[in-house]
Structure formats: structure tokens, C-alpha cells
1. At 7 Å along the Cα-to-beta-carbon direction for both Thr70 and Glu238, put a label point, then send me their distance in nm to one decimal.
2. Find the percent of Cα-Cα distances in region 144-303 that exceed 28 Å, and round it to a whole number.
3. Let's test this: bin the Cα-Cα distances of the chain at 20 Å from zero up to the farthest pair and state each bin's percent.
4. What lysines could a cross-link reach from Lys470, if we take a straight Cα to Cα line under 22 Å and drop same-chain neighbours fewer than 8 places away?
5. Would you mind estimating how fast region 93-216 diffuses translationally, via Stokes-Einstein at 20 °C and 1.002 mPa s with the Kirkwood radius over Cα pairs, in µm²/s?
6. Quick one: Cα centre-to-centre distance for region 282-333 and region 216-234, in angstrom?
7. How far, in degrees from 0 to 90, does helix 69-82 lean away from the longest principal axis of the Cα atoms of the chain, to the nearest 10?
8. Report the GluC sites (Glu not before Pro) located in region 213-267 that are in a DSSP loop and have at most 12 other Cβ atoms inside 10 Å of their Cβ, or state none.
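Throughout, read-outs are computed from the coordinates displayed, never taken from laboratory work. What you see is a predicted model; the values in this text were computed from it and never measured. Here the Cβ is made from the backbone with ideal geometry for all residues, glycine too, and neighbour counts use every protein chain on show.
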Amino acid sequence: MAELDRTGGAPAVPADWTYAPAPESRDIVQLRDRYGLFVGGKWIEASETYETISPASEEPLAVIGQATATDVDHAVAAARTAFADGWSSLPGSERAKYLFRVARILQERAREFAVLESLNGGKPIKESRDVDLPLAAAHFFYYAGWADKLEYAFPNRRPRPVGVAGQIIPWNFPLLMLAWKIAPALACGNTVVLKPAETTPLTALLFCDVLRQAELPPGVVNIVTGDGRTGAAIVDHEGVDKIAFTGSTEVGKAIQRQLAGSGKKLTLELGGKAANIVFDDCALDQAVEGIVNGIYFNQGHVCCAGSRLFAQESIYEPLVEKLKRRLETLRVGDPLDKNTDVGAINSAMQLDKIRELVQSGRDEGAEIYQPPCRLPEKGYWFAPTVFTNVAQSYRIAQEEIFGPVLSVLTFRTPEEALEKANNTPYGLSAGVWTEKGSRILWMAQRLRAGVVWANTYNRFDPTSPFGGYKESGFGREGGLHGLEPYLRFDE
Ligand code: NDP
């Protein structure tokens, strides 16, 4: 029992109170030693392989196939056959049944998927359990509902499936991004070749077992693992009719160049450098929670992370003080511990990138704050970080860090906040904190961002479209809008 601090007549509280470890058991996950590629409903051996690890411990987890251009060719052929052999002409109500089944199985196996997601990706189990899995299932439920209503969604436009969709996803929300991509594609009658990120293939591979349970016809969904070369082979393949990509702006631009003139449909969901704008009339404690959720959720590996905090000058000091105090309470460590708030950085490469940008912040003259916290010796870790005294021109205020690093800037008037917030090549998301509804509307109309959250942050719902402006990409995922990229219209 910790010693009690009874000073000053305040209620007795333990002086050195800490959480007891609360690890989630790994036993529910049955890992195979090696995984092949899931093509045409079967597992095929890959000629090349690599190892996937746990970023929290660097422990090898399984051997994964590195799909070559030939493997991608087989996957596209399987998807084409499944498209022509009945999937595309199946009544929407029948397609919906499969999607409902997938959604229900994901719910039933949620714990298994959550543990595996945290193990392979490094995110806290409470996030994979309470955010990734429920949202992934919700996406399948939501798009199952649209499958037989496409004619109503797009009246007089004769919606038809596009064909084979090539889908390339990143490592920050592996299963959720899979759901965002596969659910609307299937609901619209397309077939799919999907590549998960090199570092986080395991939940996509476990998802193949969900497809088996749901008795989805072979070839409707094909999963090919590998690095960027596999992604490039999918983009390049002549048999692919549509590319959906989520990842870095750099690769997104390369894909756009590669596809120019090809006639393939394309949606890009790329990086961001979101402004989280806090006015002096807001509920300050609530805003602090929103700021913390905005940037430290999933170690800041979030394209819409609120990585630039704009504080109105009149509340700058109390806000930063409260924020620093809140940071001291964040628990960094074992992703499988149910008390963990900030897990492991996804890869050694990402850790290097974060370190490099943080160093640039120091060199350019910003002031750094990191709460005292003991980081595990093995694995990839970075302490939650706040930079103050940041100028707009600093790299930490301009570039996507994709880590638990917040840059704090200030403003005096709404006009100034707006101008500074929009001073970025990106345009994915933003947050506004104020008690005035009219100010929320005024800001939301003028912020060049696909999503604007008001008095909250990082809220997702399958019914709500998500996507960017400018270098954050184009096209929308989620909602009615998320169907359109997977349809052609014979008007
Ligand atoms: P990438 O854009 O490289 O990765 C996204 C996906 O694209 C992965 O599946 C990747 O494979 C694949 N890929 C890589 N190169 C190609 C290519 N030439 N053609 C087709 N597909 C390709 O992002 P990184 O993982 O390298 O991360 C780099 C930076 O990008 C991060 O530091 C972060 O700033 C940003 N990022 C932004 C994301 C967002 O959602 N906005 C998501 C992920 C990263 P592989 O995994 O093998 O590289």
C-alpha cells in the first residue's frame, strides 16, 4: 500500500500512486509461423518473404509473403474472374448478407482482432478494443445497408460497379482502413485486391479467415502482402479499374502521376497537419482532453491528428500549464496493458523520422517539454512531446510528424487563427473549441479542411464522409459519398 499524503487537511491520497499492471492475455491469438498470400479464396506460397515483428518488443511474430508483380497478376485475375462470375450481378440484397455476416463475425471475434492489432502495430489495446474494432464492424454494417439501395442513393443515374479495385492501406489503422476500403467496394459490387502495410499485415491476414467464415465467394477479396513494390505493382496493373490509396503525400503524388491518362479511377487519402484552435471562451479542461486525444491518440500516427495547437493568447498560459500537467498522467508502455495511453511507435523507420523532426524543432529554437516517463528498453518508443515558442515557418509546424508531438502556436483574433490554420499545404481536418455556436459556424465555413470538429476531436462515424483538400488528397470515404468512387454511372 502506498504511503498516504495527509498534508494541508486535504483528503488523503496515496503519494506515489501508480496503476497495477493489467495486461490483456495474448492467448486468444493463434499465430501461424508463416503466412502466404490470399488469392482466389486460397492461400498461395510467396516466393519471397520477410518477418513481421511486434514494435513494442521487437519480437518476431511471423514470416510474411512479399508478393511480386506475378503474384499481383494472379490476384487481379482472381478478382476479375469473381467479378465476372457473379459477384457484380448478384442482387444488392444478397451482397448485403455477406457484409452483414462479416460485420457480425468481426464483432464476435473483436477481442482476438484487437489483441492482434496491438501486438503487430503497437497501439494501446484500449484503442484497438474501443475504437478500431467497433468502427471496423460499424463500417461493414453501414455499407451492408447501402448494398441494395444504390438506385435510391443515386436516382436516375444507373449506378454500376467499376470492376476490380486495387486498395493500398497504411499501418496506423490496419483493420479499420481495410474496412473503410473493402466495405464500400463490395457493397457496390466490385471485387478487391488489397495490400496492407508492410509492418502491419497480421489483422488483414486474419480477416481472410472471417471471409472464409462468411462464405464469401472466392476471389471477391484478395489480400497480397509486401512492401511498396507490391503496392506499385497493383497501381501499375492494367486489369485494375480503380485505385484507393491511403498513405503519405509523397507516394500519393507518385501514384497520381503514374495513373495520369490511364483512365483508372483514383482516390487519395494523404497526410495532414491539422489545426486545433482553442478560443478563450471554451471549456478549458474539456479542450485539454480534446487536445490530448487529438495528438497522443495512437501515438500521433493519425493523418488527421491535431498536431498544431492554436491557443488564443489570453488563455495561452493556463492552457499550456494544464496541458503539461495532463501529460504527466499519460501512461506510456506495453500496448497490451489495458491502462496504457500511449503505445509503441510503429517502426524503427518512423521513430527515426520523429526524432529527426523533433531535433529540427530544437535546432530552430522551439522549447520542448516531455513529461518524466520511463520508456521500455526494447522496442520503439517516444515520449509525449509539446513544443512551445514555435514559429509558423518551423518544420515542426509545417511537416507531418506522424508521432506524439504537438506544436503550440498562438493567435489573437478569429481572423488570425483562420489565416494561420489555413497556412499549410494540407487540408484534412481541424478542431474548434469555443462556446459560441456562431463562431463555430464562421470558422467551419472558412477552414480549408475536409473535416471540422467542434468541441471534440477525432470522432469517426461510418455515416460521415472523410477526406481532404489540397495535398491531403481527394475523394471521400464514409457516408453516401464513400460509395461514389466505387461506381460508374451510365447517364
Ligand atoms: P507510405 O505512403 O509509403 O505507405 C502507405 C502504403 O503504400 C503502404 O502500404 C506502402 O507499403 C505502400 N506503398 C509504398 N510505396 C508505394 C508505391 N510506390 N506505390 C504503391 N504503394 C506504395 O507511407 P509510409 O509507411 O512510408 O510512411 C511515411 C510517412 O507517410 C509517415 O511518416 C507519415 O508521415 C505518412 N503517412 C501518412 C498516412 C496517412 O494516413 N495520412 C499513413 C501512413 C503514413 P509499405 O508499407 O510496404 O511501405
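1. 1.9 nm
2. The calculated P(r) of region 144-303 puts 33 percent of pairs beyond 28 Å.
3. 24, 55, 20, 1
4. Lys181, Lys242, Lys253, Lys264, Lys265, Lys273, Lys420
5. 146 µm²/s
6. 38 Å
7. 70 degrees
8. Loop-located and lightly packed - Glu215, Glu238.
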